[in-house]
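Comments concern the structure below.
The values are calculated or read from the model by the stated rules, or taken from the named source; none is laboratory data. Since the model is a prediction, treat every value here as computed from it, not as a measurement. Methodologically, a virtual Cβ is constructed for each residue, glycine included, from the backbone with ideal geometry; neighbour enumeration extends over all protein chains shown.
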Amino acid sequence: MKKIFLGLTVCLFWLISAEAQELYPAERLGRGRLVFEKSRHAIELEVAMTETARARGLMFREALAENTGMLFIHPKEDVLGVWMKNTKIPLDILFISPQGKIVSILQNVQPCITTACGVYDSRVKALFMLEVNAGTVERLKIMQGDRVLIELEE
């Protein structure tokens with residue numbers, strides 16, 4: 001009986017996961033590089049420029065390589081929101097102004113494991129949002145007010 005229940009649970013999880021992935025289709029991402037001005041440390045980027053790419057973000061990923069991240073480019077500067085639905089890895093999230101200044105930081109944002117996931121926001125206007133592995137902000141001593149240089153590939 002336990003084996004049947006476990007089997008049904010695994011099947012249900014797979015169906016829910018497959019349905020969720022259909023709701024957030026994968027889209028080709030841009031590439032680029034972000035350099036922290038103070039430390040000269042570089043992050044290789046996947047770039048989400050479209051609404052579809054921004055909606056999916058890092059959902060369903062099992063891992064994110066060190067010194068990589070996803071940069072979200074929004075159509076206009078605004079208070080930006082992010083949620084961790086279907087995201088499997090904890091993240092540090094940096095919100096960046098059009099001038100390349102880090103205006104807000106969220107550290108160690110945990111994956112959402114319930115059906116109702118809260119939204120985190122930048123608290124101030126930003127144009128870009130950078131998601132990196134949790135612990136990156138502390139490891140690189142990144143602070144609000146630091147500046148970055150964003151280089152996008154064509």
When (1) among the polar types (S, T, N, Q); (2) touching a Gly at 6+ places or on another chain (Cβ under 8 Å); (3) surrounded by fewer than 20 Cβ atoms within 10 Å (Cβ to Cβ) are applied to Asn67, the one that fails is (2)
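Condition check ((1) within 18 Å of Leu29 (Cα to Cα); (2) touching a helix residue (DSSP H, G or I) at 6+ places or on another chain (Cβ under 7 Å); (3) at pLDDT 95 or above) across all residues:
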{"residue": "Phe60", "(1), (2), (3)": "yes, yes, no"}
{"residue": "Ala63", "(1), (2), (3)": "yes, no, no"}
{"residue": "His74", "(1), (2), (3)": "yes, no, no"}
{"residue": "Asp92", "(1), (2), (3)": "no, yes, yes"}
{"residue": "Val103", "(1), (2), (3)": "no, no, yes"}
{"residue": "Asn108", "(1), (2), (3)": "no, no, yes"}
Residue pairs, Cβ under 9 Å, 6 or more apart or interchain, first in the range 89-102 and on the phi > 0 side of the Ramachandran plot, second at pLDDT 95 or above and outside any strand (DSSP E or B). List them. Gly100/Glu37
Working only within the range 122-141, note down all residues that are surrounded by 15 or more Cβ atoms within 10 Å (Cβ to Cβ), over 12 Å from Gly69 (Cβ atoms) and not polar (S, T, N, Q). Lys125, Ala126, Leu127
Selection from the range 100-115 of residues more than 21 Å from Val79 (Cβ to Cβ) and of a type in the set (Gly, Ala, Ser) yields none
For the list (1) farther than 20 Å from Arg33 by Cβ; (2) surrounded by fewer than 20 Cβ atoms within 10 Å (Cβ to Cβ), I need the number of the one condition that Leu80 fails. (2)
Would you check which residues across the range 98-121 are surrounded by fewer than 15 Cβ atoms within 10 Å (Cβ to Cβ), β-branched (Val, Ile, Thr) and in a strand (DSSP E or B) and list them? Val119
Working only within the range 53-88, note down all residues that are over 25 Å from His41 (Cα atoms) and free of Cβ contacts under 8 Å to residues at least 24 places away in the same chain. Pro75
Take the residues in the range 142-154 that are of a type in the set (A, V, I, L, M) and within 15 Å of Gly69 (Cβ to Cβ), then tell me which one is surrounded by the fewest Cβ atoms within 10 Å (Cβ to Cβ). Leu149
Got a number for residues in the range 107-153 being under 15 Å from the mean Cα position of the chain (by Cα) and at positive phi? 2
Boolean, Phe36 is crowded, with 20+ Cβ neighbours inside 10 Å and aromatic (Phe, Trp, Tyr): no
Looking at (1) over 11 Å from the mean Cα position of the chain (by Cα); (2) farther than 21 Å from Leu140 by Cβ, find the lone condition where Ser39 falls short. (2)
